[in-house]
Protein chains: 2
Amino acid sequence: MKRFRFTLLLFALALLQIGFAADPLLSWKDTASKAAIVKFVNRVTTEGSMDFVPPADRIAVFDNDGTLWSEQPMYFQLAFALDRVKALAPQHPEWKDQQPFKAVLEGDMNALAETGEHGLLELVVTTHAGNTSEEFARIVHDWVRTARHPKFGRPYTELVFQPMLELLAYLRANGFKTYIVSGGGIEFLRVVAEELYGVPPEQVIGSSVKTQYEVRDGKPTIVRLPEIDFIDDQAGKPVGIHKFIGKRPIAAFGNSDGDFQMLEWTTSAPGVRLGLIVHHDDAEREFAYDRKSAFGKLDRGLDEGSKRGWTITRMKNDWRAVYPAVKR
Amino acid sequence: MKRFRFTLLLFALALLQIGFAADPLLSWKDTASKAAIVKFVNRVTTEGSMDFVPPADRIAVFDNDGTLWSEQPMYFQLAFALDRVKALAPQHPEWKDQQPFKAVLEGDMNALAETGEHGLLELVVTTHAGNTSEEFARIVHDWVRTARHPKFGRPYTELVFQPMLELLAYLRANGFKTYIVSGGGIEFLRVVAEELYGVPPEQVIGSSVKTQYEVRDGKPTIVRLPEIDFIDDQAGKPVGIHKFIGKRPIAAFGNSDGDFQMLEWTTSAPGVRLGLIVHHDDAEREFAYDRKSAFGKLDRGLDEGSKRGWTITRMKNDWRAVYPAVKR
């Protein structure tokens, strides 16, 4: 009898495991957020249904900072830029008295935070002007392999959100084309997006500096110029989407007011649409911040999101796991 | 015996037809151009070969005007812009004395031709500023259905090159992603590219005006501004490719010196690469022009192309057909 009960237990565990394995959104708890995602995907992929959307139009756009990976205590690309300022400072003695470099070298984060994504871009612009795009990619690549997050002591690339990785894969398995639409730098992101998210370079949209085609010593190159070309934030996001994709997405995922217009643009078109905002309310597993945060401020989205039919995902309540299990 | 011979003839014809049907590049004669294309594709798609390129990196870029469709006696988009000027002239009495509108209304094509693609963009910029992108697309769509080519009396959309349609399909069948990289306007081209060439909007790169996100009467829109954003011509083509795709193509197809840098950028990378220039030397079936043409000037490409290992395709010599057979 004992033996039978043990067998039954094993059997139950096996069933449970099969059940888990079959769930593509395993890290999402069975709350309203997950239900909204699954319902949306079922509606737009059911052939013959009025809500059916052909695969070519299944465009899903994702913000990156705070949506696909963490953005506290500062944007990861800002950490990169600060490290670059420190690395290059010996060659630039004038930076000691020059903002924003002075603030960086003195560690005055408040002053820096106030400059927002524009300030970050300014730093990246200056510290990498004149580099070819290949050189820049190599610098980013090297940094990503060695830098560690100040709170978790882990590589930044491990601080991606497991539920969002599952969501990306789930959408792609359902015929969606997944794009990243980030306020961060397009050339920075493209170095990591494919490996981290399975998103190829041509599906990454971001802020950019102007570049120039130049034949250097007989070798054609793309050179980064010290001039901002495009800021892919707020009202810039629909503009970037229109420019790069030329189609209106049917699903948009963000976490801050910088994503407001992207969600508005996506969800105000006729037909079934999905807008989802990740609310960071999990100080224990990640960070808790919203209306008053220097990075990833979420204010208008909290006030208007639900009224507009957007799904508000609460990290604490809706996510079973935050980061992927560490492979050691 | 007679019956047998007839059966044999039928059999031979059937075999011939099978032979034809199996050739994806039917409209290319069996000359060096076709051989170069087939050899290149075989090399990069043969698994285990040193020259193998994984599908994700099989990027092929095509110029549009003069490469995928005709561009004489003027760029088709210029014909569109001229028609727009005429249509809008009653609302703009001042255009009678204002260049470039004056030239258009007086039919002074020489003056206009000299302004090149910049002049064309200037016209498009002015005549369509303030339109939303959706309105603009509708205007283009309506024009394309009704306008006729002055020499052939056929819709412009029928003046695409059959051999290039076959080439696009052949490359895609071999795992390539095909992009259009045009000096023409991105929003103009995207209206027709999918239907004509099977190239979706997100794979069309072109010149652009700045746009702005605007909520008009509660309805979010993208509005075209009277300001040039990007000129996707000459050295702008590698810049556009880098910006939109973020990868270096392995094959590039053009027909004018405006494509020189795109071919240079593509073919100067290590590995097997294909650069091909279409030389318009067929006054009978299409047009004959090169070094001195106002549109699609080909001069440096003729001098340096062969030395750089590019394939020069002569329309007259290398193409069995120019345009698709007309469906009546």
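Looking across segment A:212-228, the residues that are within 9 Å of chain B (Cβ to nearest Cβ), surrounded by fewer than 18 Cβ atoms within 10 Å (Cβ to Cβ) and in contact with a helix residue (DSSP H, G or I) (Cβ under 8 Å, 6 or more places away or on another chain) come down to A:Gln212, A:Val215.
Residue count for segment A:286-305, restricted to those that are assigned to a helix (DSSP H, G or I) and open to solvent by 60 Å² or more (accessible area, probe 1.4 Å): 2. Within segment A:198-208, the set of residues being more than 10 Å from chain B (Cβ to nearest Cβ) and open to solvent by 10 Å² or more (accessible area, probe 1.4 Å) comprises just one member, A:Gly198. Exactly one of these conditions fails for B:Thr211: (1) farther than 22 Å from A:Glu214 by Cα; (2) without any contact (Cβ under 8 Å) to a residue 12 or more places away in the chain. Give me its number. All conditions are met except number (2). Of the residues making up segment B:152-181, those that are under 16 Å from the mean Cα position of the chain (by Cα), open to solvent by 30 Å² or more (accessible area, probe 1.4 Å) and among the polar types (S, T, N, Q) number 2. The single condition among (1) of a type in the set (A, V, I, L, M, F, W, C); (2) more than 14 Å from chain B (Cβ to nearest Cβ); (3) open to solvent by less than 30 Å² (accessible area, probe 1.4 Å); (4) within 25 Å of A:Val124 (Cα to Cα) that A:Ile241 does not meet is (2).
Does A:Gln72 fit the bill of being in contact with a Pro (Cβ under 6 Å, 6 or more places away or on another chain) and more than 30 Å from A:Gln212 (Cβ to Cβ)? Quick ask: steps written out before the conclusion?
Working: in contact with a Pro (Cβ under 6 Å, 6 or more places away or on another chain): no; more than 30 Å from A:Gln212 (Cβ to Cβ): yes.
Judged against the criteria, A:Gln72 is not a match.
A:Ala283 meets each of the listed conditions (1) more than 24 Å from A:Lys29 (Cβ to Cβ); (2) open to solvent by 20 Å² or more (accessible area, probe 1.4 Å); (3) free of Cβ contacts under 8 Å to residues at least 24 places away in the same chain; (4) assigned to a loop (DSSP other than H, G, I, E, B) apart from (1).
Return yes when B:Thr132 is more than 14 Å from chain A (Cβ to nearest Cβ) and among the hydroxyl-bearing types (Ser, Thr, Tyr) and no when it is not. No; evaluated as a whole, the condition is false for this residue. Residue check: is B:Thr178 within 20 Å of A:Lys177 (Cβ to Cβ), in contact (Cβ under 8 Å) with a residue 60 or more places away in the chain, assigned to a strand (DSSP E or B) and within 13 Å of chain A (Cβ to nearest Cβ)? The answer is yes for B:Thr178. In segment B:70-92, the condition of being assigned to a loop (DSSP other than H, G, I, E, B), modelled with pLDDT of 95 or more and either open to solvent by 10 Å² or more (accessible area, probe 1.4 Å) or not acidic (Asp, Glu) (or both) is met by at least one residue. Taken over segment A:251-272, residues that are touching a residue at least 60 places away in the same chain (Cβ under 8 Å) and surrounded by fewer than 22 Cβ atoms within 10 Å (Cβ to Cβ) amount to 2.
The values are calculated or read from the model by the stated rules, or taken from the named source; none is laboratory data. Since the structure is predicted, the reported quantities are computational estimates derived from the model, not experimental observations. Neighbour counts are summed over all protein chains in view; Cβ atoms, including those assigned to glycine, are modelled from backbone coordinates with ideal geometry. The area values use the complete protein model at the heavy-atom level, side chains included, leaving out ligands, DNA and RNA. Shrake-Rupley method; radii C 1.70, N 1.55, O 1.52, S 1.80 Å.
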